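Below is one structure, written out as structure tokens; comments come after it.
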Amino acid sequence: MRIHIIQHDNFESPGVIINWAKENNHHLSYTKFFENSGLPSIMDFEWLIIMGGPMGVYDEDKFPWLKSEKEFIKQSIENGKIVLGICLGSQLIAAVLGAKVYKNKYKEIGWHKINITSEGKDNSFFSSFPSTMEVGQWHEDTFDLPAGAVHLAESEACKNQAYIYKDHVVGLQFHLEFTEETLNGLIFNSKNELVKGKYIQTEAEIISKKGFIIQSNKILIGILNNIERRFKDKL
């Protein structure tokens with residue numbers, strides 16, 4: 001499959017997704033807005049993955065390319081592409097689908113527990129998920145669930161953690177793609193956010209729990225495999 005990845009900064013990379021794609025002989029292409037690279041033709045890929053970033057969905061004045069990115073995501077959904085959004089990516093998809101994106105009551109940074117909803121447990125893409133698990137979080141915004149989307153996961157600090165729209169659009173507010181390298185890069189570039197807060201862990205806490213990376217990667221690979229199986233035969 002041809003997978004196109006959108007990156008918003010140089011330190012929130014696809015992580016383990018790259019390893020999975022290479023092992024399964026998928027072709028990767030990129031739009032890296034921090035390098036001013038452009039968006040591809042809608043015909044050049046089957047699967048779009050949208051990564052995280054420090055900007056907000058509503059920051060078009062600071063990041064003018066957000067407007068064209070939203071339109072591109074909309075076209076991808078309308079053309080039946082597989083679309084997976086992570087963190088900011090999940091918020092962008094929600095906005096494109098008409099949902100409100102706004103500041104959450106709490107910032108959520110570190111390793112935090114999420115719970116899978118009953119709808120999530122019944123969803124074939126999430127069959128590899130345990131009922132509850134610790135996942136990587138690094139966000140201050142949240143979103144309302146888009147109309148027609150199914151709510152898949154929630155946490156104590158943030159209700160809408162994952163959703164699926166129709167059968168080909170998935171949003172994950174949390175990070176399963178972290179490798180030790182990408183997590184260290186995020187900490188290094190975002191240390192200013194590690195302030196005292198109810199759901200903000202210290203750098204030492206985050207690093208001490210990096211054993212969760214292996215479990216997170218395993219779960220993400222399970223989701224990617226499930227999505228791949230569903231759509232590969234259709235192409």
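The values are calculated or read from the model by the stated rules, or taken from the named source; none is laboratory data. Because the structure is predicted, anything quoted here is derived from the model rather than measured. Cβ coordinates were reconstructed from backbone atoms using ideal geometry, including for glycine residues, and neighbour counts include every protein chain displayed.
Taking region 79-106 as the range and being of a type in the set (Lys, Arg) and touching a Leu at 6+ places or on another chain (Cβ under 9 Å) as the test, only 81 passes. Restricting attention to region 203-231, the residues that are in contact with a helix residue (DSSP H, G or I) (Cβ under 7 Å, 6 or more places away or on another chain), of a type outside the set (A, V, I, L, M), farther than 17 Å from residue 167 by Cα and assigned to a helix (DSSP H, G or I) add up to 2. Residues considered: 198, 218. Of these, the only one that is among the charged types (D, E, K, R), within 20 Å of residue 18 (Cα to Cα), surrounded by fewer than 15 Cβ atoms within 10 Å (Cβ to Cβ) and in contact (Cβ under 8 Å) with a residue 40 or more places away in the chain is 218. Of the numbered criteria (1) modelled with pLDDT of 95 or more; (2) crowded, with 22+ Cβ neighbours inside 10 Å, the one residue 147 fails is (2). Scanning region 125-144 for residues that are at pLDDT below 95 and crowded, with 20+ Cβ neighbours inside 10 Å returns 125, 126, 129.
Residues in region 1-19 that are within 16 Å of the chain's Cα centre (by Cα) and of a type outside the set (A, V, I, L, M): 4, 7, 8, 9, 10, 11, 12, 13, 14, 15. Residues in region 44-63 that are without any contact (Cβ under 8 Å) to a residue 24 or more places away in the chain and touching a Lys or Arg at 6+ places or on another chain (Cβ under 9 Å): 60 alone.
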